[in-house]
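The block underneath contains the structure these notes are about, expressed in structure tokens.
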Amino acid sequence: MSTLSILDLDLRNKRVFMRVDFNVPIDKKTGAVKDDSRIRAALPTIEALRERRARVILASHLGRPKDRERALSLRPVADRLAQLTGADVTLAPGVVGEEVEALAANLNPGDLLMLENVRYEPGETTDDPELARALGALADVYVNDAFGTAHRAHASTEGVAHHVAASAAGELLEKEVATLSRLIEDPARPFVAILGGAKVSDKIGVIDRFLGVADAILVGGAMAFPFLAARGHSIGDSLCDEADVDLARGALAAAEAGSCRLDLPRDLVLGDRFDAGAQRRELDGVDVPDGWMGLDIGPRTAVDYAAEVAAAGTVFWNGPMGAFELEPFAAGTRVVAEAVARASATTVVGGGDSVAALKQFGLDQQVDWVSTGGGASLELLEGKKLPGVEALADA
């Protein structure tokens with residue numbers, strides 16, 4: 001990364017505007033944070049800033065508020081951060097304005113001020129220059145540690161960097177970019193990519209990129225069905241978009257012309273509907289009859305994929321192998337997750353539902369790197385520029 005690190009800057013007594021990704025699940029009954037993984041991931045940078053006697057202003061979004069819904073306030077997040085750091089965390093009454101400016105101006109070295117949900121401001125998601133300027137006026141230095149939103153050109157992720165004296169990457173963002181970039185630039189061989197989830201269109205960019213750098217791509221989840229349809233198999237009532245079939249057909253042709261294998265399931269687990277109480281049957285093959293839908297890879301495919309993972313030097317996993325949230329259809333994802341967890345390879349899990357699956361199976365601490373960014377990790381792997389990173393480089 002051609003950006004400054006926080007170690008490159010003199011931060012003593014400086015006001016530091018730190019963008020974090022605290023978009024965490026909140027328990028609707030208790031109002032407390034249900035999963036604090038993203039908060040914990042930002043702690044090394046927060047503590048490093050406090051140790052360097054910076055005056056820290058934290059900014060994050062939570063959900064997609066249409067107005068200023070109380071349910072999307074960052075109050076529970078501020079409370080959880082205070083518990084984790086043992087420090088007082090002041091929650092500002094808003095994002096910008098005179099009260100916020102006064103709170104920022106009166107911070108002492110090591111203090112933590114959290115702005116309210118930045119998406120309470122309508123100009124956040126449009127990268128409004130006036131909002132970006134107002135955010136920049138709160139601080140001397142901008143630090144971006146929110147990799148999960150680095151693919152968005154928003155006021156608090158991109159615009160603000162142009163209105164401060166200096167900008168730097170936080171420790172988490174640096175590690176994310178370095179880890180994911182290494183997958184493309186210098187992976188230990190064999191490099192195996194496991195891709196699942198719902199739609200080919202969501203991942204065609206990374207599929208195309210991996211066809212040029214990976215040794216094998218293992219496809220599962222609902223996105224396997226456009227590939228199977230492209231090969232002439234019947235898919236019954238399985239989730240499949242016709243546009244995805246065309247994309248899959250192109251990827252299959254590219255794989256045949258290249259050196260990367262693109263492996264598809266050879267058996268499936270079917271259900272008569274998407275429900276935990278659905279009638280379930282195993283199919284020794286991949287031609288799905290009418291009235292049934294594929295909801296998991298079959299046991300033979302799961303064993304095959306686990307063997308590929310065991311022999312790999314590098315493994316990247318993004319997307320479940322089936323409807324793992326429904327216990328009758330969780331086995332394929334569980335087998336793959338366990339294989340990734342016990343692999344001797346460098347293992348990287350790319351955010352989203354794959355992380356949820358690892359946590360469900362109690363395996364999230366057994367992989368080398370769990371990315372905090374789903375969309376951001378895929379866009380970086382595709383080779384796209386991330387506005388939140390580019391703004392740091394420009395600054």
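Computed with a 1.4 Å probe over protein heavy atoms only, the accessible surface of the range 189-275 comes to 39 Å² per residue. Using only the C-alpha atoms, the convex hull of the chain corresponds to 141 Å³ per residue. By the Cα gyration tensor, the range 245-305 has an equivalent ellipsoid whose semi-axes, rounded to whole angstrom, run 27, 14, 9 from largest to smallest. Using a probe radius of 1.4 angstrom, the carbon and sulfur fraction of the accessible surface of the chain is 46%.
Which of the residue pairs 29/199; 175/203; 66/175; 34/66; 34/175 have a Cα-Cα distance greater than 30 Å in the structure shown? Over 30 Å Cα-Cα: 29/199; 66/175. Placing dummy labels 7 Å off each Cα toward the beta-carbon, the span from residue 29 to residue 257 is 5.6 nm. Pick from 208, 27, 364: which residue has the top mean-square fluctuation in a GNM of the chain where Cα pairs under 10 Å get a spring? Maximum fluctuation in the GNM of the chain, among the listed residues, is at 27. Take every Cα pair under 8 Å whose residues are at least 6 apart in sequence, average their separation, divide by the length of the range 136-187, and the relative contact order is 43 percent.
When only Cα pairs below 8 angstrom with a gap of at least 6 residues are kept, the range 177-333 shows a relative contact order of 29 percent.
The residues of the range 1-102 have, on average, 53 Å² of accessible surface per residue, using a 1.4 Å probe with all protein chains present.
Ordering of 266-273, 381-388 by packing is 266-273, 381-388, highest average first (other Cβ atoms within 10 Å, averaged per residue). Separation of the range 275-331 from the range 183-200 is 18 Å, based on Cα centroids.
Under 17 Å from a label point set 7 Å out along the Cα-to-Cβ vector of residue 102, no amide N atom of the range 2-46 is found. To the nearest ten degrees, helix 37-51 and the longest principal axis of the Cα atoms of the chain are 30 degrees apart. Net charge around residue 275, counting only other residues with Cβ within less than 15 Å of its Cβ (Lys, Arg = +1; Asp, Glu = -1)? Net of charged neighbours comes to -2. Entry comment: accessible area of the range 294-395 is 35 Å² per residue, from protein heavy atoms only and a probe of 1.4 Å.
The values are calculated or read from the model by the stated rules, or taken from the named source; none is laboratory data. All of these numbers come straight from a predicted model, not from anything done at the bench. For neighbour counting, all protein chains shown are included, and Cβ atoms are generated from backbone atoms with ideal geometry for every residue, glycine included. Areas reflect the complete protein model, heavy atoms only, side chains present, ligands, DNA and RNA absent. Shrake-Rupley method; radii C 1.70, N 1.55, O 1.52, S 1.80 Å.
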